[in-house]
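What follows is calculated from the coordinates using simple rules that are stated; it is not laboratory data. Just so you know, these numbers come straight off a predicted model, no measurement behind them. Note that we place each Cβ from the backbone using ideal geometry, even for glycine, and neighbour counts take in every protein chain shown.
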Protein chains: 2
Amino acid sequence: MEEYSKSKTNRVKRGANRATYNVEKINTILDAGFLCYVGYIYEGKPITIPMAYSRRDDKIYIHGSTANRMLVSILESKETSITVMHLDGLVLARSGLHHSVNYRSVTLFGSLKKVEKDADKTNVLKWIVNQMVPNQWQSLRPMYQKELDRTLVVEFTIETASAKVREVSVLDEPEDYDLDIWAGIIPIKQVAKYPIADEGKPKKMKIPKHILNYYEANK
Amino acid sequence: MEEYSKSKTNRVKRGANRATYNVEKINTILDAGFLCYVGYIYEGKPITIPMAYSRRDDKIYIHGSTANRMLVSILESKETSITVMHLDGLVLARSGLHHSVNYRSVTLFGSLKKVEKDADKTNVLKWIVNQMVPNQWQSLRPMYQKELDRTLVVEFTIETASAKVREVSVLDEPEDYDLDIWAGIIPIKQVAKYPIADEGKPKKMKIPKHILNYYEANK
């Protein structure tokens with residue numbers, strides 16, 4: 001599949017010129033982050049919960065406590081959607097109306113199931129940790145059975161999706177370009193600062209290479 | 001009011017030790033950003049839309065086109081919630097389970113109404129632009145009537161809310177502190193890069209002081 005099919009649910013109406021349904025482009029946006037916003041309905045109200053995730057092929061994995069109200073609710077109701085957004089810049093136009101932001105955002109719709117087997121759950125947790133910081137999992141102590149037992153792992157299969165990307169400069173009304181008003185972009189970036197070692201042994205250890213690599217790639 | 005009352009909807013169950021209902025703390029988190037995640041229900045599914053906002057007292061203002069599906073939907077159904085989150089750090093523990101992030105997040109529940117009067121709408125749009133970059137509105141050309149006419153401005157009155165904040169170091173199992181595993185925090189920050197002038201006059205103009213101030217405060 002190269003493109004997600006368009007339905008009433010995922011078709012972008014506002015700013016359709018910025019929309020894409022391309023699977024590869026959507027995956028690239030998903031792989032650039034690790035925090036998603038998961039929607040669920042509680043007593044008739046839509047509530048959004050930020051969550052760590054990992055993507056593998058057309059699956060998004062999230063996890064939490066077995067008592068997590070949101071995860072239990074979406075597994076039961078099957079009603080959810082997942083949103084990921086990266087803010088790339090502030091668009092300062094000559095008029096209020098044309099103020100905007102540059103961004104990459106994705107909204108996903110799909111089906112849900114609980115990951116049951118311990119080996120599969122462990123694999124998913126590895127992917128989630130490694131989506132945050134690549135190669136981090138291999139340096140950790142193995143999970144205890146009791147930790148696995150109290151962790152709920154949910155697999156979300158993307159069935160349809162859309163992305164919206166704005167990555168252009170200011171777009172003002174034609175007659176406004178002659179005004180003596182400064183306009184432009186303030187680029188915005190999420191950056192990592194130098195890692196801070198925890199008390200005890202880490203203070204005396206070298207920071208592992210994969211963590212320094214993360215810092216260098218994101219500073 | 002100093003604290004939002006706790007109800008079944010807004011009471012934090014998971015990680016209750018990190019929860020606060022304090023109005024001032026919640027306002028401080030809201031004032032540190034300008035992007036919120038608004039939930040709505042479309043054909044039975046909860047969908048989350050990122051939106052610019054401004055806070056004034058117990059009101060959150062958002063806006064969009066008069067044809068915006070989400071805004072029209074929440075005004076009609078009255079069912080929404082608003083989430084704001086700031087990511088402050090990656091918490092790299094000695095075990096997978098204790099990996100976490102440092103963050104400040106808020107979830108708001110409340111009532112909605114359309115802002116009708118042109119003068120009020122204009123004021124709100126000024127607040128939204130200025131929440132993004134302080135003092136930006138005063139340098140812009142005034143809005144046209146036709147621009148106001150096609151803009152839908154929504155006032156959300158916060159009725160109940162909760163915040164969750166994690167701002168501590170790694171919290172591992174007691175027996176894990178002796179392991180030869182590096183643990184620590186990678187601080188994360190959203191930063192501004194140097195402003196890029198738009199084609200035309202801005203290329204020849206000095207960058208206005210309020211924009212340089214924003215850059216200096218956020219670089």
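Using a Gaussian network model of chain A whose springs link C-alpha atoms within less than 10 Å, name the residue from A:THR160, A:THR151, A:THR28 with the highest mean-square fluctuation.
A:THR28
Along the charge dipole of the protein assembly as shown, which of B:LEU30, B:LEU87, B:SER77 sits closest to the positive end, that is, farthest toward it, with unit charges on the beta carbon of Lys, Arg, Asp and Glu (+1, +1, -1, -1)?
It is B:LEU87, whose Cα lies furthest towards the positive end.
Can you give me the relative contact order of chain B as a percent, contacts being Cα pairs under 8 Å and 6 or more apart?
The normalised contact order for chain B reaches 25 percent.
Starting from one equal scatterer on each C-alpha and no solvent at all, send me the Debye-based log10 I(q)/I(0) for the protein assembly as shown at q = 0.08, 0.09, 0.10 Å⁻¹, two decimals.
Here log10 of I(q) over I(0) equals -0.47, -0.60, -0.74.
Quick one: Cα centre-to-centre distance for the stretch A:143-219 and the stretch B:162-202, in angstrom?
Using only Cα atoms, the two centres lie 9 Å from each other.
Evaluate the charge dipole of the stretch A:35-133 about its Cα centre and quote only its size in Debye, nearest 20, assuming +1 on the Cβ of each Lys and Arg and -1 on the Cβ of each Asp and Glu.
Taking the Cα centre of the stretch A:35-133 as origin, the dipole is about 100 debye.
Please report the spacing between the Cα centers of the stretch B:94-111 and the stretch A:55-84 in Å, no decimals.
Result: 15 Å between the Cα centres.
Assume the label is 7 Å from Cα along Cα to beta carbon: what separations in nm does B:LYS8 have to the matching positions in the other copies?
3.0
How charged is the neighbourhood of B:ALA192? Take every other residue with its Cβ under 13 Å from the Cβ of B:ALA192, and add Lys/Arg as +1 and Asp/Glu as -1.
+2
Chain B: longest stretch without exposed GluC sites (Glu not before Pro) (DSSP loop, at most 15 other Cβ within 10 Å), sites themselves excluded?
B:44-115
Show that you can apply the helix-only estimate: for chain B, add -39,500 (n - 2.57) for every DSSP H stretch of four or more residues, divide by all residues, and state [θ] at 222 nm to the nearest 500.
Helix contribution divided over all residues of chain B: -6500 deg cm²/dmol.
Run the numbers on the stretch A:89-156 and let me know its relative contact order in percent, using alpha-carbon pairs under 8 Å that are six or more apart. Please list the in-between numbers first.
Numbers: 45 pairs, mean separation 23.5, N = 68.
Reported relative contact order: 35 percent.
Taking a 25 Å limit on the Cα-Cα distance, which of the listed pairs B:LYS45/B:LYS78; A:LYS59/B:LYS164; A:LYS8/A:LYS45; A:LYS146/A:LYS219; A:LYS219/B:LYS206; B:LYS78/B:LYS121 fall beyond it?
A:LYS59/B:LYS164; A:LYS146/A:LYS219; A:LYS219/B:LYS206
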